[in-house]
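Trainee: Please find one structure pasted underneath; my questions will follow.
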Amino acid sequence: AADAVIGEGASIGPNVSISSGVHVGARTVLHANVVIEQNSRVGADCVFYANVVLREYVTVGNRVTIHASSVLGTDGFGYRWDGKSHVKIPQIGTVVIEDDVEIGSCSCVDRAKFGETRIGRGTKIDNLVQIGHNVTIGRGAILCAQTGIAGSTRLGDGVVLAGQVGVADHRVVGAGVQVAAKSAVMQDVEPGQVVAGIPAVPAPLWRRQQALLRRLADWRSRLRRLEQRLEGRGEEESVD
């Protein structure tokens, strides 16, 4: 667009689309087919790889790297049932990405219903991660591949979510929490805890539960033999 502002030393690849009111900072690199929609702002020294999309009114800080085919500012997943169909609720908020964030390929950060979805400074996000509307992530968090965070959840500074973790909506995960792979966080988690499982519980308890589960087949066999012995004894007593 004619009114877009491109900083000194920025590099713009083929087929990039930059809409009205956009500001791109100095030395930022936009690879092929990047789309930046109206009134979004991108800081200095950023790198956007091929096919990255920034929807309207998204703000990205300095030194942010976004890998191929990720989308920031997708509409939040909001609908209401009117008795006949699911009616879309307008998502009129925004997304704010602070400095030094890295986002992997094919990840999505949804815009807020109202207000903002915010990713804190220095947070690193892997490929194929879904961040719902109005989510707030603190500084220095790590989100591994295929993690999904439902709307309005808050993650504290330094939280680590391993691969395929799911976090329910409106949860609060305290600073420094670590969540093991494939876990489902269904309740708030106090700062500093290490949790695992579905639903997620403190890791020592989860390990005990897993140890007990592995013994269930043996216990079932032993219980069956005991039942047979008792049934046999009952038959003998009835004969006497």
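The values are calculated or read from the model by the stated rules, or taken from the named source; none is laboratory data. Keep in mind it's a predicted model, so treat the numbers as computed, not measured. Note that each Cβ is placed from the backbone with ideal geometry, even for glycine, and that neighbours are counted across all protein chains shown. Side chains included, ligands, DNA and RNA excluded: accessible areas come from the protein's heavy atoms. Shrake-Rupley method; radii C 1.70, N 1.55, O 1.52, S 1.80 Å.
Trainee: What number comes out for the charge environment of VAL129, summing +1 per Lys or Arg and -1 per Asp or Glu over other residues with Cβ under 14 Å away?
Mentor: -2
Trainee: Moving on. How much mean residue ellipticity at 222 nm does the chain get from its helices, if each DSSP H run of length 4 or more adds -39500 (n - 2.57) and you divide by all residues, to the nearest 500 deg cm²/dmol?
Mentor: That calculation yields -5000 deg cm²/dmol at 222 nm.
Trainee: I need the phi-derived Karplus couplings for the stretch 163-169: 6.51 cos²θ - 1.76 cosθ + 1.60, θ = phi - 60°, integer Hz, Gly and Pro marked x.
Mentor: Result, ordered by residue: x, 6, 6, x, 10, 5, 6 Hz.
Trainee: Here's another thing I want to ask about it. For the stretch 11-136, what does the equivalent ellipsoid look like in terms of its semi-axes, each the square root of 5 times an eigenvalue of the Cα gyration tensor, given largest first in whole Å?
Mentor: Values for the stretch 11-136, descending: 25, 15, 13 Å.
Trainee: Among GLU102, GLU190, GLU227, which one moves the most in a GNM of the chain with springs linking Cα atoms closer than 10 Å?
Mentor: GLU227
Trainee: Any chance you could list P(r) for the stretch 1-71, counting all Cα-Cα pairs in 10 angstrom bins from zero, rounded to whole %?
Mentor: The distribution over the stretch 1-71 is 25, 65, 9, given as percents.
Trainee: Whenever you get a sec, compute what percent of the accessible area on the chain sits on carbon and sulfur atoms (1.4 Å probe).
Mentor: For the chain, the apolar C and S fraction of the accessible surface comes to 53 percent.
Trainee: Can you work out the accessible area per residue across the chain, with the rest of the protein chains kept in place, probe 1.4 Å, in square angstrom?
Mentor: 53 Å²
Trainee: By the gyration tensor of its Cα atoms, with a ≥ b ≥ c the square roots of the eigenvalues, what is the shape of the stretch 126-203: rounded for a/c under 1.5, prolate for a/b over b/c, or oblate?
Mentor: Rounded, since a/c falls under 1.5.
Trainee: Additional query: Using the Cβ atoms and a cut-off under 13 Å, what net charge is assigned to the surroundings of LEU223, where Lys and Arg are +1 and Asp and Glu are -1?
Mentor: Neighbour charge sum, excluding LEU223 itself: +3.
Trainee: Cut-off under 16 Å on the C-alpha distance; same-chain residues fewer than 8 positions from LYS88 excluded. Which lysines are left, in chain and number order?
Mentor: Hits, sequence-local ones excluded: LYS113.
Trainee: Using modelled backbone amide H atoms (1.01 Å from N, in-plane), which distant-in-sequence or interchain residues come within less than 5 Å of VAL189's amide H?
Mentor: When sequence neighbours closer than 5 places are left aside, the close amide H contacts are VAL172, VAL173, GLY174.
Trainee: Can you list the HN-Hα couplings for the stretch 126-135, worked out from phi with the Karplus curve (6.51, -1.76, 1.60; θ = phi - 60°), rounded to whole Hz and with x for Gly and Pro?
Mentor: 7, 5, 6, 10, 10, 10, x, 5, 6, 6
Trainee: While we're here: List the lysines whose Cα lies under 20 Å from the Cα of LYS182, skipping any in the same chain that are fewer than 8 positions away.
Mentor: Answer for LYS182, where 20 Å is the Cα cut-off: LYS124, listed by chain and number.
Trainee: Would you kindly derive the ³J(HN,Hα) couplings of the stretch 35-40 from the backbone phi angles with the Karplus curve 6.51 cos²θ - 1.76 cosθ + 1.60 (θ = phi - 60°), listing them in order in whole Hz, with x for Gly and Pro?
Mentor: Running phi through 6.51 cos²θ - 1.76 cosθ + 1.60 with θ = phi - 60° gives 10, 10, 8, 4, 6, 7 Hz.
Trainee: Further question on the same structure: Enumerate by residue number the GluC sites (Glu not before Pro) in the stretch 1-73 meeting two conditions: DSSP loop (anything except H, G, I, E, B), and at most 15 other Cβ atoms within 10 Å of the site's Cβ.
Mentor: For GluC sites (Glu not before Pro) across the stretch 1-73 that sit outside H, G, I, E and B with at most 15 neighbouring Cβ atoms in 10 Å, the list reads GLU8.
Trainee: So what are the chain's ellipsoid semi-axes, whole angstrom, largest first, if each one is the square root of 5 times an eigenvalue of the alpha-carbon gyration tensor?
Mentor: Working from the Cα gyration tensor, I get semi-axes of 50, 19, 15 Å.
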